[in-house]
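K.L.:
Sharing a structure here in structure tokens format.
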Amino acid sequence: MITFPEGFLWGAATASYQIEGAASEDGRVPSIWDTFSHTPGKVRDGHTGDVACDHYHRYAEDVQIMADLGLKAYRFSIAWPRFGTPGFDFYDRLVDALLEAGIAPVATLYHWDLPQSLQDAGGWTNRDTAYRFAEYAAGAHARLGDRIATWTTLNEPWVSAFVGYGSGRHAPGVRDHAAAFTAAHHLMLAHGLAVSALRAAGAGSISITLNLAPMLGDPEPARLMDGLANRIFLDPLLRGAYPDDVLAHLRRFTDVNLDDLPTINQPIDVLGVNYYSPKHVRAEPGAPGDAEHPGTEGIAIVPPEGPVTEMGWGVHPECLESLLVRLSREYPGTPLMITENGAAYDDKVDEDGRVRDADRVAFLDGHVRAAHAAIGQGADLRGYFVWSLLDNFEWAHGYHKRFGLVRVDYDTQRRILKDSAHWYRDLIAANGL
């Protein structure tokens with residue numbers, strides 16, 4: 001039996017465009033993901049988030065599921081395209097329902113659904129977007145801050161910048177390495193400005209969530225890739241400076257305003273860590289490099305060894321342990337929260353109506369044990385959120401990848417608790433394994 005510290009926060013996570021649906025209801029304006037998903041060839045089989053899990057209308061049922069699982073917290077994102085519209089009232093209803101069920105609301109202000117009007121003006125390559133984001137953060141807090149104590153500014157700015165503006169695999173679908181670095185810097189500026197706005201408004205706890213990928217393989221390529229995936233955000237946010245090697249690499253493509261670094265380097269109360277898998281890299285002369293890690297010619301990302309999820313991601317819980325320990329040692333004094341961890345598998349409903357997702361249970365079990373081991377090595381880890389509560393619109397994969405504890409039948413919107421949901425309920429009740 002392993003037991004977690006008293007008060008350890010067990011939760012589950014979702015994102016607005018992936019579950020809410022109601023894409024054109026109550027004044028909601030288009031986002032870059034509406035535009036992207038409705039562009040032929042961008043999302044598998046032409047899937048869109050127009051309906052998704054219909055959470056906008058079915059939130060009460062979903063909150064009851066959370067209560068039945070014993071969740072202590074629910075991490076959701078607020079759709080910026082609903083801000084200033086009658087549809088923003090949805091978050092009043094959702095937060096009130098969560099509080100009534102004894103579940104702490106953890107709000108993320110930006111999970112990739114930038115209003116299309118801002119993208120038309122340059123999106124995250126336009127410095128002004130950072131200031132518009134701070135205004136939105138202040139406005140969202142004015143509406144909900146009396147009931148939400150924990151605010152996360154951005155979810156995975158690396159994906160927003162380098163997958164959205166580097167490879168173009170995600171919205172807005174731009175392929176421009178200079179734009180990717182510019183977007184990354186402006187996203188961090190937006191975070192810093194939003195932290196200041198939230199602090200001024202009296203927010204209780206403020207966070208940012210980074211997707212962090214340990215790099216395994218040849219030392220020099222791994223160091224370069226670590227800079228482009230991890231330290232490019234960690235150091236400006238937590239130390240107030242770009243690492244020298246990262247800044248030199250960045251300047252091969254563009255320049256950024258280093259005077260922004262004091263604004264970016266705002267104290268936060270917790271660092272959100274999204275962890276799924278490491279990357280395996282090696283030196284390979286002639287390799288073209290990776291569009292999502294600009295300037296990596298001569299480096300190959302190689303397939304993982306051993307078991308993989310349906311996404312093709314290697315299953316390495318030991319890397320979560322080492323990542324948490326590294327963060328606690330290299331960036332001391334910053335409490336940590338695992339804000340996403342989970343796996344997609346090809347779940348099937350048995351004849352008896354049950355979803356026996358043993359692979360997911362094993363994945364989660366291994367990673368929860370790794371998190372506990374990291375605590376034993378001194379990591380100040382405060383909680384763990386499974387990705388995801390529900391099967392959902394999985395971005396460019398459409399509805400083909402299922403991460404949920406709860407299966408969603410997209411034709412009927414019926415919810416079915418998988419075996420992993422029952423496993424997680426028991427884990428929460430025992431506060432351990």
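K.L.:
Mind listing whichever residues of segment 378-417 are part of a strand (DSSP E or B) and farther than 20 Å from Tyr59 by Cα?
P.N.:
Scanning segment 378-417 gives Leu381, Arg382, Gly383, Tyr384.
K.L.:
While we're looking at this one, here's another question. Does Leu109 satisfy the criteria of being hydrophobic (A, V, I, L, M, F, W, C), in contact with a strand residue (DSSP E or B) (Cβ under 6 Å, 6 or more places away or on another chain) and farther than 15 Å from Ala12 by Cα?
P.N.:
On the way: hydrophobic (A, V, I, L, M, F, W, C): yes; in contact with a strand residue (DSSP E or B) (Cβ under 6 Å, 6 or more places away or on another chain): yes; farther than 15 Å from Ala12 by Cα: yes.
Yes: the conditions hold for Leu109.
K.L.:
Let me ask something additional. Can you tell me which residue among Asp146, Asp128, Asp96, Asp176 is acidic (Asp, Glu), at pLDDT 95 or above and closer than 20 Å to Ser31 by Cα?
P.N.:
Asp128
K.L.:
Sticking with this one: Return the residue satisfying two criteria in turn: it lies in segment 1-39 and is in contact with a strand residue (DSSP E or B) (Cβ under 7 Å, 6 or more places away or on another chain), among the hydrophobic types (A, V, I, L, M, F, W, C) and assigned to a loop (DSSP other than H, G, I, E, B), and of such residues it is surrounded by the most Cβ atoms within 10 Å (Cβ to Cβ).
P.N.:
It comes out as Ala15.
K.L.:
Looking for something in contact with a Pro (Cβ under 6 Å, 6 or more places away or on another chain) and under 26 Å from Ala171 (Cβ atoms) - is there at least one such residue anywhere in segment 309-326?
P.N.:
Scanning segment 309-326 turns up no residue that is in contact with a Pro (Cβ under 6 Å, 6 or more places away or on another chain) and under 26 Å from Ala171 (Cβ atoms).
Yes/no matrix, rows are residues, columns are (1) under 21 Å from the mean Cα position of the chain (by Cα); (2) free of Cβ contacts under 8 Å to residues at least 24 places away in the same chain; (3) farther than 26 Å from Asn274 by Cα; (4) surrounded by fewer than 21 Cβ atoms within 10 Å (Cβ to Cβ):
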site: Arg93; (1), (2), (3), (4): no, no, yes, yes
site: Gly102; (1), (2), (3), (4): no, no, no, yes
site: Tyr110; (1), (2), (3), (4): yes, no, no, no
site: Asn126; (1), (2), (3), (4): no, no, yes, yes
site: Ala142; (1), (2), (3), (4): no, no, yes, yes
site: Gly145; (1), (2), (3), (4): no, no, no, yes
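Residue-by-condition table, conditions (1) at pLDDT 95 or above; (2) farther than 16 Å from Trp10 by Cβ; (3) not charged (D, E, K, R):
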site: Leu323; (1), (2), (3): yes, yes, yes
site: Val349; (1), (2), (3): yes, yes, yes
site: Ile375; (1), (2), (3): yes, no, yes
site: Arg425; (1), (2), (3): yes, no, no
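K.L.:
All but one of (1) surrounded by 24 or more Cβ atoms within 10 Å (Cβ to Cβ); (2) assigned to a helix (DSSP H, G or I); (3) in contact with a helix residue (DSSP H, G or I) (Cβ under 7 Å, 6 or more places away or on another chain) hold for Ala197, so report the exception by its number.
P.N.:
Of the numbered conditions (1) surrounded by 24 or more Cβ atoms within 10 Å (Cβ to Cβ); (2) assigned to a helix (DSSP H, G or I); (3) in contact with a helix residue (DSSP H, G or I) (Cβ under 7 Å, 6 or more places away or on another chain), the odd one out for Ala197 is (1).
K.L.:
For segment 231-268, what are the residues that are of a type outside the set (Val, Ile, Thr) and touching a Pro at 6+ places or on another chain (Cβ under 7 Å)? Full working, then the answer.
P.N.:
Within segment 231-268, the subset of a type outside the set (Val, Ile, Thr) is 231, 233-245, 247-253, 255, 257-262, 265-267.
Residues satisfying the conditions are Arg231, Phe233, Asp235, Gly240, Tyr242, Phe253, Leu261, Asn265.
K.L.:
While we're on this one: Among the residues of segment 40-71, what is the count of those that are among the charged types (D, E, K, R), crowded, with 17+ Cβ neighbours inside 10 Å and under 21 Å from the mean Cα position of the chain (by Cα)?
P.N.:
Residues meeting the conditions: 3.
K.L.:
While we're on this one: Could you list, in sequence order, the residues of segment 352-364 that are touching a residue at least 60 places away in the same chain (Cβ under 8 Å), farther than 22 Å from Tyr74 by Cβ and assigned to a helix (DSSP H, G or I)? Talk me through it step by step, then tell me what you get.
P.N.:
Taking segment 352-364 first, the residues touching a residue at least 60 places away in the same chain (Cβ under 8 Å) are 353-358, 360-361, 364.
Those still in the list that are farther than 22 Å from Tyr74 by Cβ too: 353-354, 356, 358.
Ala358, the sole residue that qualifies.
K.L.:
If you scan segment 379-433, which residues turn out to be among the basic types (Lys, Arg) and without any contact (Cβ under 8 Å) to a residue 12 or more places away in the chain?
P.N.:
Arg414
K.L.:
So how many residues does segment 379-396 have that are surrounded by fewer than 22 Cβ atoms within 10 Å (Cβ to Cβ) and farther than 20 Å from Leu336 by Cβ?
P.N.:
So the answer is 2.
K.L.:
Please go through segment 165-191 and give me each residue that is assigned to a helix (DSSP H, G or I) and under 15 Å from Tyr110 (Cα atoms), ordered by number.
P.N.:
The answer is Ala183, Ala184, His186, Leu187, Met188, Leu189, Ala190, His191.
K.L.:
State all residues of segment 250-278 that are of a type outside the set (Val, Ile, Thr) and farther than 30 Å from Asn341 by Cα; if no residue qualifies, say none.
P.N.:
Across segment 250-278, the qualifying residues are Arg251, Arg252, Phe253, Asp255, Asn257, Leu258, Asp259, Asp260, Pro262.
K.L.:
Are any of the residues in segment 112-123 in contact (Cβ under 8 Å) with a residue 24 or more places away in the chain, out of contact with any Gly (no Cβ under 8 Å at 6 or more places or on another chain), of a type in the set (A, V, I, L, M) and crowded, with 16+ Cβ neighbours inside 10 Å?
P.N.:
no
K.L.:
Could you check segment 327-336 and list, in sequence order, the residues that are within 17 Å of Asn211 (Cβ to Cβ) and buried (at least 17 other Cβ atoms within 10 Å of the Cβ)?
P.N.:
Leu327, Thr334, Leu336
K.L.:
Could you please find all residues in segment 294-321 being within 16 Å of Leu216 (Cα to Cα), modelled with pLDDT of 95 or more and of a type in the set (D, E, K, R)?
P.N.:
Within segment 294-321, Glu318, Glu321 meet the criteria.
K.L.:
Could we say that Arg93 is in a helix (DSSP H, G or I) and over 21 Å from Ala149 (Cα atoms) here?
P.N.:
Here the answer is no, as Arg93 does not meet what is asked.
K.L.:
Has segment 243-264 got at least one residue that is of a type outside the set (Phe, Trp, Tyr) and in contact with a strand residue (DSSP E or B) (Cβ under 7 Å, 6 or more places away or on another chain)? If you could, list the steps in order and put the result at the bottom.
P.N.:
First pass over segment 243-264, keeping only residues of a type outside the set (Phe, Trp, Tyr): 243-252, 254-264.
Within this subset, residues satisfying the condition of being in contact with a strand residue (DSSP E or B) (Cβ under 7 Å, 6 or more places away or on another chain) are none.
Looking for residues that are of a type outside the set (Phe, Trp, Tyr) and in contact with a strand residue (DSSP E or B) (Cβ under 7 Å, 6 or more places away or on another chain), one finds none in segment 243-264, hence no.
The values are calculated or read from the model by the stated rules, or taken from the named source; none is laboratory data. Everything numeric here is computed off the predicted structure, so don't read it as measured data. Ideal geometry is used to build each Cβ from the backbone, glycine not excepted, and the neighbour counts take in all protein chains shown.
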